[in-house]
Amino acid sequence: MQFASDKILTIEIRSLFCCMNQYEAKEKIDTLTKSLKRHNYDYYTLSQPVISDTEFDLLLKELEALENEFPSLALPDSPTQKVGGDITKNFIQVRHRYPMLSLGNTYSEEELREFDTRNQKSLGSACEYVCELKFDGLAISITYENGLLIRAVTRGDGVQGDDVTANVKTIKSIPQTLTGDNYPDRFEIRGEIFMHRKTFDKLNAQLRESLLKQGMEEEKIAERLYKNPRNFASGTLKLQDSKEVAKRSLDAFLYFIYSDEPIADTHYESLKQAAKWGFRVSDHFQLCKNMEEVWAFIKKYDKERSNLSYEIDGVVIKVNNYLQQEELGFTAKTPRWAISYKYKAETAVTLLNEITFQVGRTGAITPVANLKPVILAGTTVKRASLYNADEIERLDLHESDVVFVEKGGEIIPKIVGVDKSKRNLFAKKITYITLCPECKTELIRKEGEVVHYCPNEANCPPQLIGKLEHFISRRAMNIDGLGGETVSGLFRKGLIQSYADLYDLTTDQLNGLEFETRDETNGKIRKRSLKEKSAENIINGLNASKKVPFERVLFALGIRMVGETVAKKLAAHFGNMQNLMHADKEQIASIHEIGERIAQQLTAYFADAENVEIINRLAKSGLQMQVLVDPNEVRSKKLSGKTFLVSGTFSISRDELKKLIENNGGRNVNSISKSLDYLIAGEKMGPEKLKKAEELKIQLLSESGFMDLLANS
Ligand code: IVH
């Protein structure tokens, strides 16, 4: 099913930039770079992506297009310059003999045909292609000498990767000794390591069971479980204990050979040859004489991919003849003789049963579509996000509509369209609620915002529970052993109403406590009772949280507009809670990047006697109410001999950034000159500076680029 053709998308991206000035472009480049770096880290280092590959590709394409339009703004450490991947600690690093490149990719038939036209033009003749499945796993490069597996290395950053030989040797489908005798003395074979869907389901279920037994809450378990087979395979391959790897039944398909001695004239023959030496080569590959055959292969597997026992995310199309491959050569990042066609996320068709509305921690209302259960990408989907009233309007949703659902990054599926031809003539248009579903207060929608809010902050139960959930969350007080479900149970039982009540709880009160919880995925009510061990864990977690630094305590309070960054700034400026509580609006607003609206929120919060009382009780319970100065502040000579000019605004103050430079041996200067080593360019940096830096060819660094420099020097 195709809803937004790629052509439209490309045009949209281009037309978005056509009226951008340098300043706007720089801002956009910074934001995209930062976000892509974070996603790279989530994907490669943590093996826990939060967005789908498609979404990532779109962001990357957007950045690429912007950099092409404004080449001088492209940052030296841009994610577009990265072959992909990150190297993990704890493994020996090995340099690849042949760099592990990535493939150019496309989602459109038109671009695929352009790939063929380009090839034909360069070669002066038509060429054959081999179509293979694009397995969704991790690339591996394995070296064989005299028929023996001697080393297996991950892609890493494309230039060097992790030596994971011991782990790879546990994979049954990768031969340690080759069969036959006509293999080259030394060669490298590349392929993809993956986990079958069934193994993934089984192991994730086992992991869930064991975490449940340890007393972990559903929500925290959901965070710990692997999102998809690719993550699980990646997490497994990076384990230090090969025995554990062996238990996890990884599998592999091999798809490319690098050898100094010729093996065959074509890629197709070399795949057949590899199979004879004992390698597991997928059965699903095909020699195609022209683009019609290539397209037929792509269409065939778009239908059949859900029947495969493993996940694929597209098809790889490679020029078959090696001489032709050589003639076409490589760009800096990818071979010109191959491309991958990526499938769009799978969609399913189902019926809209009803729309329910959830009230969040901030009072924000989220509409959720309850659907007739349908299988999508191997799992049953019953609910989908609708985001806000505008989204419902955009989709023009009517009661009992037949809707198309799509999975974005294995997280919560979304509705991407409506089959209007199936709509009942008398179906009523969905109207948005006007009263809070929990406390019946009239909802508000602030000017310029898309979300509706329940303004009854002080009494609306989900908002109170939400505040408590925020308080205990990982980035705030990080109270181990206590999760959202228990907090909600304790609240509904009347044991806690504010954060301060948490620290008065006792093991006796909690031990054996029974309460009900609602499973958000299916709305079912479940009875739970706290075991002694869980009760102890909660009390221990609460005690441990008394060491959480002041800035996080401040963030944990959940004062509107006081996020982590603002909390950090306030803590650094005022040093303790008393100073902050007694500061007036002007004093607060004068802090760099705080401003009047935040100051207004803070003074209003502290003017409320109930809030002051809670803070006093928290202080009595022993929570940190002042900044502790760390005498061992990290100092190094990492940046010694280098000069920096800090310009624009950053997530931390300019002074903090400058201090960081000084503390690591660097020197801050105030103007651009030829001798300047780095210009750290933040948001809102003047265009003049940028121009001058460009003329003098000064290296530009984004904030994250600087942090990387610091981390890697
Ligand atoms: S060929 C130089 N073939 O896709 C050619 N790659 O985006 C190297 N992949 O890094 C790759 N299935 O991890 C090739 N049949 C296949 C593939 C495949 C999955 C992965 C591989 C590669 C990435 C490129």
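For PHE650, the conditions (1) under 25 Å from THR31 (Cβ atoms); (2) open to solvent by 10 Å² or more (accessible area, probe 1.4 Å); (3) more than 26 Å from the chain's Cα centre (by Cα); (4) not charged (D, E, K, R) all hold with the exception of (3).
For residues that are open to solvent by 30 Å² or more (accessible area, probe 1.4 Å) and within 16 Å of the ligand (Cβ to nearest atom), tally how many sit in segment 244-262. Of the residues in that region, 3 qualify. Cβ-Cβ distances below 7 Å connect the following pairs, each with a first residue in segment 290-313 that is among the polar types (S, T, N, Q), a second residue that is not in a loop (DSSP other than H, G, I, E, B), and a separation of six or more residues or different chains: SER309/ARG197; SER309/LYS198. Among the residues making up segment 349-377, those that are small (Gly, Ala, Ser) and either under 22 Å from ASP57 (Cβ atoms) or not in a strand (DSSP E or B) (or both) are GLY360, GLY363, ALA377.
Looking across segment 672-691, the residues that are out of contact with any helix residue (DSSP H, G or I) (no Cβ under 9 Å at 6 or more places or on another chain) and open to solvent by less than 80 Å² (accessible area, probe 1.4 Å) come down to SER673, ASP677, LYS689.
Among the conditions (1) farther than 22 Å from LEU554 by Cα; (2) surrounded by fewer than 20 Cβ atoms within 10 Å (Cβ to Cβ), ASP480 misses just one, which is (1). Could you say whether any residue in segment 134-145 is open to solvent by 10 Å² or more (accessible area, probe 1.4 Å), in contact (Cβ under 8 Å) with a residue 24 or more places away in the chain, more than 15 Å from the ligand (Cβ to nearest atom) and within 28 Å of SER309 (Cβ to Cβ)? No, segment 134-145 contains no residue that is open to solvent by 10 Å² or more (accessible area, probe 1.4 Å), in contact (Cβ under 8 Å) with a residue 24 or more places away in the chain, more than 15 Å from the ligand (Cβ to nearest atom) and within 28 Å of SER309 (Cβ to Cβ).
Listed here are the residues, each with its yes/no results for (1) open to solvent by 20 Å² or more (accessible area, probe 1.4 Å); (2) of a type outside the set (A, V, I, L, M); (3) more than 16 Å from the ligand (Cβ to nearest atom).
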site: VAL319; (1), (2), (3): no, no, no
site: GLN324; (1), (2), (3): yes, yes, no
site: GLU327; (1), (2), (3): yes, yes, no
site: VAL374; (1), (2), (3): yes, no, yes
site: ALA377; (1), (2), (3): yes, no, yes
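Taken together, the residues in segment 146-172 that are within 16 Å of the ligand (Cβ to nearest atom) and either closer than 17 Å to MET100 by Cβ or in contact with a helix residue (DSSP H, G or I) (Cβ under 7 Å, 6 or more places away or on another chain) (or both) amount to 13. Scanning segment 467-518 for residues that are out of contact with any Phe, Trp or Tyr (no Cβ under 7 Å at 6 or more places or on another chain) and assigned to a helix (DSSP H, G or I) yields a total of 18. Annotation: of all residues in segment 122-133 being in contact with a helix residue (DSSP H, G or I) (Cβ under 7 Å, 6 or more places away or on another chain) and in a strand (DSSP E or B), the one that is nearest to the ligand (Cβ to nearest atom) is LEU133.
For segment 280-307, the set of residues classified as more than 18 Å from GLU109 (Cβ to Cβ) and within 13 Å of the ligand (Cβ to nearest atom) consists of ARG280, VAL281, SER282, ASP283, HIS284, PHE285, listed by residue number.
Highlighted here are the helices (runs of 4 or more DSSP H) found entirely within segment 557-652 that include at least 3 residues which are over 30 Å from VAL669 (Cα atoms) and not acidic (Asp, Glu): 577-582, 595-607, 609-621.
Do we have ALA681 as over 28 Å from GLU564 (Cα atoms) and of a type outside the set (S, T, N, Q) here? No, not satisfied. Just one residue in the set ILE415, ILE411 is at pLDDT below 95 and open to solvent by 40 Å² or more (accessible area, probe 1.4 Å); that residue is ILE411. Of everything in segment 48-72 that is at pLDDT below 75 and within 22 Å of GLU24 (Cβ to Cβ), the residue that is least open to solvent (accessible area, probe 1.4 Å) is SER72.
The values are calculated or read from the model by the stated rules, or taken from the named source; none is laboratory data. Since the model is a prediction, treat every value here as computed from it, not as a measurement. All Cβ positions, even for glycine, are placed from backbone atoms using ideal geometry, and neighbour counts span all protein chains on display. The protein model used for the area step is the full one, side chains on, heavy atoms only, and it has no ligands, DNA or RNA in it. Shrake-Rupley method; radii C 1.70, N 1.55, O 1.52, S 1.80 Å.
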